[in-house]
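All remarks here apply to the structure that follows.
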Amino acid sequence: QVQLVESGGGLVQPGGSLRLSCAASESIFSIDSMAWYRQVPGKQRELVAIITSGGTMSYADSVKGRFTISRDNAKNMVYLQMNSLKPEDMAVYYCNAVYRALHYWGQGTQVTVSS
């Protein structure tokens, strides 16, 4: 069982930045991959960024060049640095971990982009 706790969401103006954090209850060395997803009401949850245990990163086309996923293995933390935020980035952001073929989710953190 992996527990994930997100933090760092909030209100930001268009063009601004936020950094989301995800704390894992297990050593992320043993986790196959960690990712950030987002969801808006009425739409499916979508993958934003993923980082594998080997350090390979992938991004949704809509956030490439603006968002950066990173991990701190010593602290069991994963981060999502979000720059140049747009109104369409507004969503609930969820941390995800894949461990032994099972998916685990955090409770989500709201990101609001508005002037």
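Scan the stretch 60-74 and give yes if some residue there is basic (Lys, Arg), open to solvent by 60 Å² or more (accessible area, probe 1.4 Å) and closer than 20 Å to GLY9 by Cβ, otherwise no.
no
Is it the case, given these coordinates, that LEU11 is aliphatic (A, V, I, L, M) and open to solvent by less than 60 Å² (accessible area, probe 1.4 Å)?
The answer is no for LEU11.
List the number of the failed condition for GLY42; all other conditions in (1) open to solvent by 70 Å² or more (accessible area, probe 1.4 Å); (2) within 15 Å of CYS22 (Cβ to Cβ) hold.
Against the list (1) open to solvent by 70 Å² or more (accessible area, probe 1.4 Å); (2) within 15 Å of CYS22 (Cβ to Cβ), GLY42 comes up short only on (2).
Only one of VAL48, VAL63, VAL78, VAL92 is outside any strand (DSSP E or B) and modelled with pLDDT of 95 or more; which?
Of the residues listed, the single one that is outside any strand (DSSP E or B) and modelled with pLDDT of 95 or more is VAL63.
Only residues that are among the aliphatic types (A, V, I, L, M), more than 10 Å from the chain's Cα centre (by Cα), assigned to a strand (DSSP E or B) and farther than 18 Å from ARG100 by Cβ: list them for the stretch 1-45, please.
Within the stretch 1-45, VAL5, LEU11, VAL12, LEU18, ALA23 qualify.
The values are calculated or read from the model by the stated rules, or taken from the named source; none is laboratory data. Quick caveat: nothing in here was measured; it's all calculated off a predicted structure. Using ideal geometry, Cβ is built from the backbone for each residue, glycine included, and neighbour counts are taken over all protein chains shown. Calculation scope for accessible area: heavy atoms of the full protein, side chains included, ligands and nucleic acids excluded. Shrake-Rupley method; radii C 1.70, N 1.55, O 1.52, S 1.80 Å.
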